[in-house]
Amino acid sequence: MIRSRFSWKLTAGLLLPILISAAIVGGLSIRSMEEDSREEVRRSLAAQATLLRNVAAARLGQPQESVLKREVRSLGEEIGTRLTVIDAEGLVLADSQEDPSSMDNLASRPEIMAVRSHGSGIATRYSHELGASVMHLALPIEADGRLLGYARASRSLSEINRRLTRLGTVVAVGAALAILAATVLGMVLARNFVKPVKAMTAVAEGMARGDYNRRLPATGTDELGDLARALNQTAKSSQNRMETIITDRNKLLSLLKGMVEGVVAVDRDERVLQMNSAAGKILGASPETSVSKPIWEVTRISQVCDILSRTLRSGRDVKDELRLATRSQDQVVEMLASPLLDGEGELVGAVVVLHDVSDLHRLQTVRRDFVANASHELKTPIAAIRALVETVIDDQSMRSSDQAHFLARIRNQSMRLSSLVADLLTLSRLESSPGGPELRPIDLRESFKGAVQALLPTGEDRGIAVHTEVPENPVQVLGDPEALGQLTTNLLDNAIKYTGRGGHVWVRLKTGNGQAVIEVQDTGMGIAPQDQSRVFERFYRVDKARSRELGGTGLGLSIVKHIAAIHQGRVFVESTPGIGSTFRASLPIAPLGSVHKNTTL
Ligand code: ADP
């Protein structure tokens, strides 16, 4: 049996009215019964006193007083009431129960005194002899308007008391039974009421803890049933809402995780709420261990702490740029901090997005430099041509041999201009299409041989022995034949340019480890170690004057690198000054499945 506080209250609530009504009803009925009984006794005493008065009036003043005594005694015994006849002075003349001579004078008794003043008297007092209250009623005995004495009838009220006690017992037993019934009823009611309430409490407490899976058996049609259904509905909608929130949160977290931009959210006390791995990388912190720590404890980059503090103070978006000098390169990070507001628009924190724009900056710098370099490279031959042409025009009397010399120099400059424009166009062609030139399955030997053939005469002119090695089997790659021909041309052209007369150049096409390798080795001047990593940069030349003299543009190797990259390949250089250089471009061999049916192989 469930003995809850509620069941005690319910039992008490049932008992209290029962006790009060039992007390009121019992009290009222006992009182009314007492009054009725007293009235009844009074009436009967009045009748008996009247009878006694009549009997005594006839005998008083007569000589046979003993007759009176006998009559009074027998009458009293007959009617079961004590009868007393008293003379006008209060002396007892006859009594139905005692000898009159042994009795006191009764003149001072209240009922006797009342007869004198009111014509009749009644008094109730406790009798030690009887151990009970006794009601006395006295009437005057008169003859011819003269008071002869008093007739008094007395009766013990013990019977009334017994009746009252009986009634009290009945009331008490009734009340006790009612209390018992109320207690049992209270328990049964409490069990029926408290059990579902306890179940509802458990569900509500579960919800408070975040457990929304509990449901109540909502079968009843009463208010408790309605409440259970409402609670079930609340649990269900809370569960749905919670699931939506969790799904949204997970989406947001995976979004944050996958973001390239760093994101850090802090609360009002600048403690980290959320940090993604991109932010962790920039700030040099671990996102997992940073949560709940103050941001200034997590990172040493004061600008990030500063922008968050400013946003928290102002409640507005704040933008700033962060420059970090890392070991390898300078890092430029754009920071945008915004306030975090709750549902009521109250400021609860701030979030900063860190956008690493270093690559963009570098690209911009490269482009700026490229435009400056290209303009400069173009300006030089144009200025030279202009000056030469003006000289020829101005000097009408110039000898024809000088004129021929000037024209030859103009031709050289214009050729330089043309190869520069050609290289720039090649670069632009390679960069213009979004995914680079369209790659198709080809036999690399074709474009390789074509490029080598075209340069053999140049090598011969310069007194350089060019040795070619090509595999017998096709070398299948996914590529742009024109671009790959250009790659070979540029490497071989450089080898011929930077190798002196009598030198050797080996140009090889090899395969191995799933790679096709175009290798160009020469016995030329070589490249110093500090320049080797830079020769692939645009417009970088080890010896500017010599390169120009040889018709170089400074773009050849950067084009080679670009073409290799488009084909998922790489370029390498090994060189020893004074001994010679070896340039290699390796490209992945196309797996057989990728070779198109219409292949020309
Ligand atoms: P360039 O048009 O000046 O030849 P490249 O980009 O082709 O421009 O080459 C960049 C620089 O690398 C050249 O100026 C030269 O100094 C050096 N270089 C390239 N190939 C060789 C080589 N085979 N031997 C020595 N130096 C070379």
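The values are calculated or read from the model by the stated rules, or taken from the named source; none is laboratory data. Since the model is a prediction, treat every value here as computed from it, not as a measurement. Using ideal geometry, Cβ is built from the backbone for each residue, glycine included, and neighbour counts are taken over all protein chains shown. With ligands, DNA and RNA removed, areas are computed over all heavy atoms of the protein, side chains included. Shrake-Rupley method; radii C 1.70, N 1.55, O 1.52, S 1.80 Å.
Numbers below:
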{"quantity": "Residue under evaluation G569, criteria (1) within 18 Å of P437 (Cβ to Cβ); (2) near the ligand (Cβ under 8 Å from one of its atoms); (3) in contact with a strand residue (DSSP E or B) (Cβ under 6 Å, 6 or more places away or on another chain), criterion not met", "calculated": "(2)"}
{"quantity": "Members of region 435-490 that are of a type in the set (S, T, N, Q), open to solvent by 60 Å² or more (accessible area, probe 1.4 Å) and farther than 13 Å from E519 by Cα", "calculated": "Q453, N473"}
{"quantity": "Checking R548 against (1) out of contact with any strand residue (DSSP E or B) (no Cβ under 7 Å at 6 or more places or on another chain); (2) touching a residue at least 60 places away in the same chain (Cβ under 8 Å); (3) under 27 Å from E438 (Cα atoms); (4) of a type in the set (D, E, K, R), the condition it does not meet", "calculated": "(3)"}
{"quantity": "From A123, A143, A175, residue being touching a His at 6+ places or on another chain (Cβ under 6 Å) and within 30 Å of E39 (Cα to Cα)", "calculated": "A123"}
{"quantity": "Filter result for G503 (touching a residue at least 12 places away in the same chain (Cβ under 8 Å) and either within 16 Å of the ligand (Cβ to nearest atom) or open to solvent by less than 20 Å² (accessible area, probe 1.4 Å) (or both))", "calculated": "yes"}
{"quantity": "Condition check for I112: in contact (Cβ under 8 Å) with a residue 40 or more places away in the chain, aliphatic (A, V, I, L, M), farther than 15 Å from S66 by Cα and open to solvent by less than 70 Å² (accessible area, probe 1.4 Å)", "calculated": "yes"}
{"quantity": "Residues that are under 15 Å from G174 (Cβ atoms) and either without any contact (Cβ under 8 Å) to a residue 60 or more places away in the chain or open to solvent by 60 Å² or more (accessible area, probe 1.4 Å) (or both), drawn from region 5-62", "calculated": "P17, L19, I20, S21, A23, I24, V25, G27, L28"}
{"quantity": "Among the candidates V134, V72, residue that is in contact with a strand residue (DSSP E or B) (Cβ under 8 Å, 6 or more places away or on another chain) and either within 19 Å of A57 (Cα to Cα) or not in a strand (DSSP E or B) (or both)", "calculated": "V72"}
{"quantity": "Selected residue (only one of T426, T391 is in contact (Cβ under 8 Å) with a residue 12 or more places away in the chain, away from the ligand (no atom under 16 Å from the Cβ), polar (S, T, N, Q) and surrounded by 11 or more Cβ atoms within 10 Å (Cβ to Cβ))", "calculated": "T391"}
{"quantity": "Residues (more than 12 Å from the ligand (Cβ to nearest atom), open to solvent by less than 30 Å² (accessible area, probe 1.4 Å) and of a type in the set (K, R)) located in region 506-559", "calculated": "none"}
{"quantity": "Any hit, region 249-259, residues being surrounded by 11 or more Cβ atoms within 10 Å (Cβ to Cβ), in contact with a helix residue (DSSP H, G or I) (Cβ under 7 Å, 6 or more places away or on another chain) and part of a strand (DSSP E or B)", "calculated": "no"}
{"quantity": "Unique residue being buried (at least 17 other Cβ atoms within 10 Å of the Cβ) and among the aliphatic types (A, V, I, L, M) when the list is L68, L91", "calculated": "L68"}
{"quantity": "Residue under evaluation R155, criteria (1) part of a strand (DSSP E or B); (2) open to solvent by less than 40 Å² (accessible area, probe 1.4 Å), criterion not met", "calculated": "(2)"}
{"quantity": "Residue in region 235-245 that is under 22 Å from the mean Cα position of the chain (by Cα), hydrophobic (A, V, I, L, M, F, W, C) and surrounded by 12 or more Cβ atoms within 10 Å (Cβ to Cβ) present", "calculated": "yes"}
{"quantity": "Region 262-292 - residue that is assigned to a loop (DSSP other than H, G, I, E, B) and surrounded by 15 or more Cβ atoms within 10 Å (Cβ to Cβ) and, of those, farthest from the chain's Cα centre (by Cα)", "calculated": "A285"}
{"quantity": "When residues of region 188-220 are limited to those that are part of a loop (DSSP other than H, G, I, E, B) and closer than 22 Å to F6 by Cα, the one nearest to the chain's Cα centre (by Cα)", "calculated": "L216"}
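To keep it simple, each residue is scored yes or no on (1) in contact with a Pro (Cβ under 9 Å, 6 or more places away or on another chain); (2) charged (D, E, K, R); (3) not in a helix (DSSP H, G or I).
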residue	(1), (2), (3)
V371	no, no, no
H376	no, no, no
T380	no, no, no
R386	no, yes, no
V392	no, no, no
Q396	no, no, yes
D402	no, yes, no
N412	yes, no, no
